[in-house]
Amino acid sequence: MSLVGDTAVWLGDLAHYRGVDGVPHRLAEHLALTGIAVGVAALVGLPVGLLLGHLRRGGTVVTALTNASRAVPTLGVLIIFSSIASIGIGNRAAVYALVLFAIPPILVNTYVGIAGVDREVVEAARGMGMGEAAVLLQVELPLARGLVVAGLRTAVVQVIATATLAAYVGGGGLGTFVNNGYGRQDYAQVLGGAVWIAGLALAAEIVLAGLQRLVTPAALRTGPVGAA
Amino acid sequence: MATAACIRANDWFCPAYLTQDSDQVVAAVRSHVELTAYALGLALLVAVPLALVVRRSRTGRLIALGIGGIVYTIPSLALFVLLGPVFGFTSSLPVIVALAAYDVQVLLRQLLVGLDEVPADVVEAAVGTGYGRLALLTRVELPLALPALLAGLRLAAVSTIALVTVGAVIGHGGIGALLFAGFSNDYKAQQLTSLVLVVLLALAVDLLLQLALRVLTPWRRAVGRPA
């Protein structure tokens, strides 16, 4: 028996691409979880990052918060949220946990991008009579665009990874294939699911890396920006 | 021993949990530390020679960091599982190797930064004093790159400690096993205590590595201090 062959057969079997337990539906769930979580996190992280970056305040707190968030196991938060009676198991607990972990990369990159804009450029804009809102939106934000997108990119890739765990707390997404496959010792299904998960993460990374390059002002392109 | 009231009430916060199930907790923490140590050790064994091989080659760097970047993007759950056919689906090796692979990327990047930043005049002075290639590397370049390497090691250690928990999915998750058990038994104190233990472990290792940096680089302490 060849596991690789079995996995290829599993991936090619059209029966696995139909219905609630099919790849398209699980993929859609995965994308919905990711989209909602990153969307909500952006609604929080972007304005706060823009404001703090513009004021050039709170950098220490933002960095400390981001570093501390790395030490927190996502699986633990996911499980605890599912066990809180008012949240319950399922996708809702997953979204709450995902939002929590998507905020730090968006916040820190937006902050660093805005606060890192050359002071002289900002002063020149003020000297020309620009108001604070105009300085932020017409000068600082365009210059910081690359890093803002870098933050979103890190958040998306990280949320796609964490969303695989939703299946373990009664939720959906592509992690269900790994969870169900293990339960039945159906390793072709386990591997087939893992291939889809890895493919989705890599595709998101490639698309967003391209987008980041596209929106970064040419003069600021200095090769790949280190992931946060 | 009577069951503590907070356990009977299934409270979130219950210090009595630690004494009640101390054997289980100690075993979980030990396995968590072991998995982390194996992953970091393996990553160092790979990253240091790899950095020395690719440091002078642009293509070598691009290939090493490129492959590392691809592996780094693959979610841990998927990577654990994808290593199953090689190491076995119920072995701890997929967890160790996958986490080591992430760590190699972090360590390699930091090592290259550290080696690149060794001042050229320092290297020249050492060569002029008669240092051979090996002595230059082990007694000048690597010590000067140590702060960058340790910064990478801190980052790798903290994220590895958090990620080990996901290994519980394939039966090797250290404290992650307690999280899962707490979830299936609706045992709230076990869940919260496990989460706190993982965070404390990460912070403790982080502090230890900061301390190691101070001890290993005595020359840095003199910098910036008035004579």
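Using the structure shown, decide if B:Arg56 is at pLDDT 95 or above and among the basic types (Lys, Arg). Lay out the reasoning, then the answer.
Values: at pLDDT 95 or above: no; among the basic types (Lys, Arg): yes.
Here the answer is no, as B:Arg56 does not meet what is asked.
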Q. If you go through the stretch B:153-175 one residue at a time, how many are under 15 Å from the mean Cα position of the chain (by Cα), within 9 Å of chain A (Cβ to nearest Cβ) and more than 16 Å from B:Leu207 (Cα to Cα)?
A. 5
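Taking the stretch A:147-195, which residues are outside any loop (DSSP other than H, G, I, E, B) and over 22 Å from B:Thr165 (Cα atoms)? If you could, list the steps in order and put the result at the bottom.
Within the stretch A:147-195, the first condition is being outside any loop (DSSP other than H, G, I, E, B), and the residues that meet it are A:147-169, A:175-183, A:187-195.
Once the filter is applied, which keeps residues that are outside any loop (DSSP other than H, G, I, E, B) and over 22 Å from B:Thr165 (Cα atoms), the stretch A:147-195 yields A:Leu147, A:Val148, A:Val149, A:Ala150, A:Gly151, A:Leu152, A:Arg153, A:Ala188, A:Gln189, A:Gly192.
Being of a type in the set (S, T, N, Q) and surrounded by 13 or more Cβ atoms within 10 Å (Cβ to Cβ) is the requirement here; does A:Thr66 meet it?
yes
Of A:Glu132, A:Glu120, which residue is in contact (Cβ under 8 Å) with a residue 60 or more places away in the chain, farther than 30 Å from A:Phe81 by Cα, surrounded by fewer than 24 Cβ atoms within 10 Å (Cβ to Cβ) and of a type in the set (D, E, K, R)?
Working: A:Glu120 fails: in contact (Cβ under 8 Å) with a residue 60 or more places away in the chain.
Result of the check over A:Glu132, A:Glu120: A:Glu132.
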Q. Any idea how many residues of the stretch A:166-210 are within 20 Å of the chain's Cα centre (by Cα) and more than 8 Å from chain B (Cβ to nearest Cβ)?
A. 17
Q. Just one of the numbered conditions (1) under 17 Å from the mean Cα position of the chain (by Cα); (2) touching a residue at least 24 places away in the same chain (Cβ under 8 Å); (3) closer than 19 Å to B:Gly176 by Cα; (4) within 12 Å of chain B (Cβ to nearest Cβ) is not true of A:Leu98; which one?
A. (4)
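List the helices (runs of 4 or more DSSP H) inside the stretch B:134-227, counting only whole elements, that have at least 2 residues being without any contact (Cβ under 8 Å) to a residue 24 or more places away in the chain and surrounded by fewer than 22 Cβ atoms within 10 Å (Cβ to Cβ).
B:175-184, B:188-216, B:218-222
Please verify whether B:Val113 is over 23 Å from A:Leu3 (Cβ atoms) and either aromatic (Phe, Trp, Tyr) or at the interface with chain A (Cβ under 10 Å from one of its Cβ atoms) (or both), treating the condition exactly as stated. If you could, list the steps in order and put the result at the bottom.
Numbers: over 23 Å from A:Leu3 (Cβ atoms): yes; either aromatic (Phe, Trp, Tyr) or at the interface with chain A (Cβ under 10 Å from one of its Cβ atoms) (or both): yes.
Yes, satisfied.
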Q: Enumerate the helices (runs of 4 or more DSSP H) found wholly within the stretch B:1-110, keeping only those where 2 or more residues are touching a Gly at 6+ places or on another chain (Cβ under 6 Å) and touching a residue at least 24 places away in the same chain (Cβ under 8 Å).
A: B:22-54
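Per-residue answers, yes or no, for (1) within 14 Å of chain A (Cβ to nearest Cβ); (2) of a type in the set (Lys, Arg); (3) surrounded by 14 or more Cβ atoms within 10 Å (Cβ to Cβ):
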position: B:Ile7; (1), (2), (3): no, no, yes
position: B:Thr19; (1), (2), (3): no, no, no
position: B:Ser22; (1), (2), (3): no, no, no
position: B:Ala39; (1), (2), (3): no, no, yes
position: B:Leu62; (1), (2), (3): yes, no, no
position: B:Gly69; (1), (2), (3): yes, no, yes
position: B:Val81; (1), (2), (3): yes, no, yes
position: B:Thr90; (1), (2), (3): yes, no, no
position: B:Val97; (1), (2), (3): no, no, yes
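Go through the stretch A:10-36 and count every residue that is assigned to a helix (DSSP H, G or I) and over 13 Å from A:Val195 (Cα atoms). Walk me through it before giving the result.
Within the stretch A:10-36, the subset assigned to a helix (DSSP H, G or I) is A:10-12, A:14-17, A:23-36.
Retained after the next criterion (residues that are over 13 Å from A:Val195 (Cα atoms)): A:14-17, A:24-26, A:28-36.
Of the residues in the stretch A:10-36, 16 are assigned to a helix (DSSP H, G or I) and over 13 Å from A:Val195 (Cα atoms).
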Q: Taking the residues in the stretch A:63-77 that are aliphatic (A, V, I, L, M) and assigned to a helix (DSSP H, G or I) as candidates, determine which candidate is nearest to the other protein chains (Cβ to nearest Cβ).
A: A:Leu75
Q | Which listed residue, of A:Ala124, A:Ala85, is over 23 Å from A:Ala201 (Cα atoms) and either within 14 Å of chain B (Cβ to nearest Cβ) or β-branched (Val, Ile, Thr) (or both) | A | A:Ala85
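The values are calculated or read from the model by the stated rules, or taken from the named source; none is laboratory data. Predicted model only: the values in this text are computed from it and were never measured. Using ideal geometry, Cβ is built from the backbone for each residue, glycine included, and neighbour counts are taken over all protein chains shown.
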